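Student: Before I ask anything, here is the structure I am working with.
The values are calculated or read from the model by the stated rules, or taken from the named source; none is laboratory data. What you see is a predicted model; the values in this text were computed from it and never measured. Neighbour counts are summed over all protein chains in view; Cβ atoms, including those assigned to glycine, are modelled from backbone coordinates with ideal geometry. Please note that ligands, DNA and RNA were not included when accessible areas were found on the heavy atoms of the full protein model with its side chains. Shrake-Rupley method; radii C 1.70, N 1.55, O 1.52, S 1.80 Å.
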Amino acid sequence: MYDAIVVGGGHNGLTAAAYLARGGLKTLVLERREIVGGCCVTEEIAPGCKASTTSYIASMLRPEVIKDLKLAEHGLRMVPCDPAIQVAFPEGRVVPWWADRERAVAEFRKHSANDAETFVRVDDQLKKLARYLQPFFLEPPPEIDARSVSGWGDLFRVGKRFRNISNVEIAQLVALLTGSLGEFLDRNYESETIKTMFLANNVYGKHGGPYQPGTAIGLLFHLLSGGEHELQGFYGHVMGGMGAISEALAASGRKLGVEIRTSAPVARIDTRNENARGVILEDGTEIRARIVLSNADPKRTFLKMIPESELPAEFVHAIRGIKMAGPCAKVNLALSEEPRFTGTPASHTPLERTFYTIVPSLEFAERCYDFAKFGGIPEELWVDCVIASNADDTLAPAGTHIMTCFVQYVPYKLREGTWDEKREVLGDRVIRKIAEYAPNVPNSIIARQVLTPLDLERTYGLTEGNIFHGDLTLEQLFFMRPVAGWSQYRTPIEGLYLCGAGAHPGGGVTGAPGHNAAQQALRDWKKGRFKAGAA
Ligand SMILES: Cc1cc2nc3c(=O)[nH]c(=O)nc-3n(C[C@H](O)[C@H](O)[C@H](O)COP(=O)(O)OP(=O)(O)OC[C@H]3O[C@@H](n4cnc5c(N)ncnc54)[C@H](O)[C@@H]3O)c2cc1C
């Protein structure tokens, strides 16, 4: 009998397990795949060629998690991306956004002196507003309809954080949480180049073209601090690929006593009288525990692993309504030579030749999303390319290169045909787009792995291929994540918690939902809630 079982060894499940073990609980992680990490993994895509097959940049991993779980001692090393991003434009220009602000301003000045000045003012404003949101990241959202003393205490504490905020800042915050990125940029900037730089950075993985309400929120999310030095707007290449984060979390957990089993898919979470009692594996093995934490997404957890009759009808209805449905894909390449992006200055170092986003304008992005939202694969794609081997040459044999290509805006449900029929169509379109900017790529491909939204679902267990376990729109965030009334990691089943990206504060490689869910479970544990109950 375990104290705790964590269903799923994604980075959040591993984070939760390590904190539970640190809190004294005998903890077991069960992962369906043969490796841990979920969508934070490094995998071989050709002999000797390792790629971050799904997530590829570490920007929001919580510094507290890095420190608490001693991830550096377990081999985690990140190198800041510099440029933080870099856009390749169609006419052969490459525009970097340098990590150092003075350098970024100097670059922006080449495109518009006004915008360079505006950037400093707006960046200060955004960083200040992001700091209001920062403390919410590592704690459960307050219960809005709190009846208990502690619930009122939470609301009071949260209210106090905003006591010095001005009317103007509240208006700015509301506009950023609800408004569109496109309108924000049009209001503040004049240069289309500079607006496109912001675009490249800010609607990542979400539904919606840049003019859709709710897309401005990314401006704040990307300024939450990340990396071991707690820098706002941090972007990092992880040495050894993203899997090194999960490996460090697993090693830290094992040292604290966590047991990890891979190739162990859970078929059902065992519940009786609305209490979690353990799990039943697909091979029929029953494993008992006093509490269960699910790292699987909310739809997979509640619609696949628990009989509907065990859950309140309105809860099931709300879970069914979570917006997921894609909208991203990934193409990973092993190449016989380094991609040469036209317009890259000869002075660029290998690290500076690592990150290229291909998206020419806001209008292009808006049209691309419109096409995808009606079930089409856009002819002209938005692609984010990372030549990871330029940041870390241990990923591939000498002379060989790894390029991962994230595709923004493809549908989960195709209007015509299936993803099994259209997988290579997508792969071909990605390569064709890249060839317009780096013409040597098509003839240097050694291996190509195309991951459609359906592959993300089948292989990585992401329902409807959604990379965040639920779209990051305002109505699915804070006290509404995963659904209203259940944002504090507890669920209608006593002793069952949600610890993955579907819980607050959401997706991305942060470790935050895992950390927060474990703290909540430990608080409940210490109150003696599960001593006799589940046995
Ligand atoms: C293509 C892609 C690109 C991305 N790029 C970035 C990026 O660059 N930067 C960034 O910060 N984020 C990125 N993300 C998002 C980020 O990777 C995820 O939001 C985050 O990793 C989710 O972590 P998690 O631990 O909550 O869930 P997951 O990583 O989804 O882990 C859940 C785990 O549960 C397991 N599981 C599910 N069901 C069962 C079961 N029945 N039994 C046992 N195990 C089960 C799964 O196999 C999986 O290992 C990207 C994601 C994708 C897919």
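Student: So TYR204 fits all but one of (1) within 15 Å of the ligand (Cβ to nearest atom); (2) free of Cβ contacts under 8 Å to residues at least 60 places away in the same chain; what number is the exception?
Tutor: Exception for TYR204: condition (2).
Student: Looking at this structure, is LYS433 charged (D, E, K, R), surrounded by 18 or more Cβ atoms within 10 Å (Cβ to Cβ) and over 20 Å from the mean Cα position of the chain (by Cα)?
Tutor: Yes: the conditions hold for LYS433.
Student: Separate question: Taking the stretch 348-397 as the region of interest, how many residues are free of Cβ contacts under 8 Å to residues at least 60 places away in the same chain and small (Gly, Ala, Ser)?
Tutor: 4
Student: Search the stretch 456-492 for residues being in a loop (DSSP other than H, G, I, E, B) and among the charged types (D, E, K, R), and hand back the single one that is farthest from GLU310 (Cα to Cα).
Tutor: Checked the stretch 456-492; the qualifying residue farthest from GLU310 (Cα to Cα) is ASP471.
Student: Is it the case that some residue within the stretch 463-480 is buried (at least 21 other Cβ atoms within 10 Å of the Cβ) and in contact with a Ser or Thr (Cβ under 7 Å, 6 or more places away or on another chain)?
Tutor: No - not one qualifying residue is present in the stretch 463-480.
Student: How about the stretch 199-213: which of its residues are assigned to a loop (DSSP other than H, G, I, E, B) and closer than 18 Å to VAL410 by Cβ?
Tutor: Here is the first cut: in the stretch 199-213, the ones assigned to a loop (DSSP other than H, G, I, E, B) are 203-213.
Answer for the stretch 199-213, where residues must be assigned to a loop (DSSP other than H, G, I, E, B) and closer than 18 Å to VAL410 by Cβ: VAL203, TYR204, GLY205, LYS206, HIS207, GLY208, GLY209, PRO210, GLN212.
Student: Moving on to the next point. When the residues of the stretch 166-180 are filtered to those that are without any contact (Cβ under 8 Å) to a residue 40 or more places away in the chain and under 19 Å from GLU366 (Cα atoms), which remaining residue is least open to solvent (accessible area, probe 1.4 Å)?
Tutor: Checking each candidate, the answer is SER180.
Student: Any residue in the stretch 503-512 that is closer than 19 Å to VAL7 by Cβ, of a type in the set (Gly, Ala, Ser) and more than 13 Å from the ligand (Cβ to nearest atom)?
Tutor: Within the stretch 503-512, not a single residue is closer than 19 Å to VAL7 by Cβ, of a type in the set (Gly, Ala, Ser) and more than 13 Å from the ligand (Cβ to nearest atom).
Student: Identify, from the list GLU44, GLU34, the residue that is part of a loop (DSSP other than H, G, I, E, B), out of contact with any helix residue (DSSP H, G or I) (no Cβ under 8 Å at 6 or more places or on another chain) and more than 22 Å from LYS526 (Cβ to Cβ).
Tutor: From the options GLU44, GLU34, the qualifying one is GLU34.
Student: Give the residues of the stretch 4-58 that are open to solvent by less than 10 Å² (accessible area, probe 1.4 Å) and at positive phi, sorted by residue number.
Tutor: GLY37
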